[in-house]
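First the structure, in the form of structure tokens, and then the observations on it.
Nothing in this text is a laboratory measurement; each read-out follows from the coordinates by a stated rule. Note that the structure is predicted; figures quoted are calculated from it, not measured. Note that we place each Cβ from the backbone using ideal geometry, even for glycine, and neighbour counts take in every protein chain shown.
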């Protein structure tokens with residue numbers, strides 16, 4: 001648990017550093033948030049391609065898998081692994097094998113909660 005806390009904390013500290021730098025450059029908070037997300041995803045994909053992020057995730061557990069960087073890793077890793085099978089049957093079919101259920105259940109849950117909220121407002 002300590003390793004997960006430390007790993008997640010380091011990822012969040014990097015994100016906060018990017019945000020602070022963006023604000024120093026004069027970007028508003030919303031734009032800084034977008035840049036933080038994009039740069040953390042890019043960094044995660046690059047580290048996944050270099051086979052470094054899986055080692056971080058193995059050491060840090062949920063601390064590396066829960067943030068947005070873990071989601072980017074879960075999309076990039078199958079794409080790299082199945083690249084040899086081709087664009088369609090390799091990358092196209094396998095890219096969301098790990099992230100697909102997260103996307104599916106995230107959308108379904110948000111739809112159900114939105115419907116319940118809408119019904120609650122209507123009453």
Sorted by Cβ density within 10 Å, fewest first, the residues 53, 24: 24, 53
Simple spin-label estimate for residue 50 and residue 117 in nanometres, 7 Å along Cα-Cβ: 3.9 nm
Packing-based order for 84-90, 12-18, using average beta carbon neighbours within 10 Å, highest first: 12-18, 84-90
The chain, relative contact order in percent, only Cα pairs under 8 angstrom and at least six apart counted: 22 percent
Footprinting exposure proxy for 1, 38 (fewest neighbouring C-beta atoms within 10 Å first): 1, 38
Cα centroid separation, segment 100-123 to segment 1-65 (Å): 28 Å
Convex hull projection area averaged over all views, the chain, Cα basis, nm²: 10.6 nm²
Fully extended contour minus Cα-Cα distance, from residue 83 to residue 37, at 0.36 nm per residue: 14.0 nm
